[in-house]
1. Using Cα pairs under 8 angstrom and six or more residues apart, how large is the relative contact order of segment B:31-94, in percent?
2. Per-residue mean of other chain beta-carbon atoms within 10 angstrom of the beta-carbon, peptide A:42-55?
3. Which value, in nm² and rounded to one decimal, describes the direction-averaged projected area of the C-alpha convex hull of segment A:7-124?
4. Could you check the simple spin-label distance between residue A:101 and residue B:67, using points 7 Å along Cα→Cβ, in nm with one decimal?
5. Within 10 Å of each Cβ in B:89-101, how many Cβ atoms from other chains are there, averaged over the peptide?
6. Alpha carbon centre of segment B:82-98 versus segment A:7-44: separation in Å?
7. Could you order peptides A:66-76, A:93-103 by the average number of other Cβ atoms within 10 Å of their residues, highest first?
8. At residue B:109 and residue A:72, where each label point lies 7 Å from the Cα along Cα→Cβ, what is the point-to-point distance in nanometres?
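Nothing in this text is a laboratory measurement; each read-out follows from the coordinates by a stated rule. Keep in mind that what you see is a predicted model, and the values were worked out from it rather than measured. Neighbour counts are summed over all protein chains in view; Cβ atoms, including those assigned to glycine, are modelled from backbone coordinates with ideal geometry.
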C-alpha cells in the first residue's frame with residue numbers, strides 16, 4: 001500500500017497523509033514541479049486538471065482548472081510560500097473566479113509537502129490545514145493576492161495581444 | 001482545491017467557523033452543556049461584543065444554536081455540524097488517497113530518466 005499513515009485532527013482541521021513511493025526523490029518532486037505531470041494526478045479522474053500557470057518560486061502562482069463531466073469547471077490557484085527542491089513545498093490552495101481572481105470569502109487550504117529519501121524510495125508527507133479568513137486577510141495585507149491578480153492580468157493581456 | 005469537499009458552500013462556512021481557536025473552544029464548551037453569551041464572554045479575554053461576533057459566525061455555519069431564555073441568550077452546539085466537519089475531513093482523506101494512488105501509477109508509468117534513453121517530448 002502506498003499510503004502508510006493518515007492522521008485527522010478535527011480540532012485543528014488538519015489532515016496529514018504519509019505515503020511511500022518506490023521512486024527516487026527527484027522523480028517524486030517532478031510530480032509537483034512539472035505542470036504536465038501535476039495535471040495528471042491533481043484532479044480526480046472525474047475532474048481532470050489543466051494547469052495554465054505554474055511558478056514554483058516563493059510568491060509564485062499556480063493556476064488550474066478542474067473540468068467536470070457535465071462541462072462545469074472549477075478554477076483554483078496556489079500561492080507558493082516556501083520551496084526547497086526536492087524536499088519541501090508549502091502553498092495556499094484556494095478557489096478562483098472564472099477570470100482567475102482568488103475568492104477570499106471561501107475557505108482555503110494551507111498545504112505542506114515534505115519529501116525524504118526512505119528505504120531506497122521516497123517518503124512523502126502532505127499536511128493540509130483548512131485556513132481561516134484571518135489567514136487570507138494576512139495574505140492580502142502582504143500584497144500576495146494583488147500580485148496574483150496582476151499576474152493574471154498580464155496573462156490575459158498576452159492572450160489578447 | 002478538492003471538488004466535492006470545499007466546493008460545498010456549507011462546508012466552507014463550517015471550516016471558516018472552526019478555523020479560529022476561540023470559536024473552536026466555544027464549540028467544545030457548548031457541547032458539554034449550554035452556556036450563556038455572558039458566561040462565554042467571562043471566559044475569554046475579549047469584549048462581550050467580540051464573543052457575540054464569534055457566536056454569530058458559529059450560528060451562521062450551523063455549529064451552534066442560540067435560544068433566548070429570559071434575559072439570557074443560551075448557546076448550544078449542534079452535534080450534527082461537528083459530525084459534518086469530521087465527514088469533510090474524511091472526504092479530504094479520500095481525495096488525498098486518490099491523488100497518492102494516481103501519483104504512484106504515474107511514477108510506475110513514466111520511465112525513470114536515469115534508467116532509460118532521454119524521452120522525446122512530453123506527453124499531455
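1. Reported as a whole number, the value is 34 percent.
2. Mean shielding by partner chains, rounded to a whole number: 2.
3. Average of the hull's projected areas for segment A:7-124 equals 8.1 nm².
4. Those two pseudo-labels are separated by 4.4 nm.
5. Other-chain Cβ atoms within 10 Å of each residue's Cβ, averaged: 6.
6. Result: 16 Å between the Cα centres.
7. With the highest mean Cβ count within 10 Å placed first, the list reads A:93-103, A:66-76.
8. 2.6
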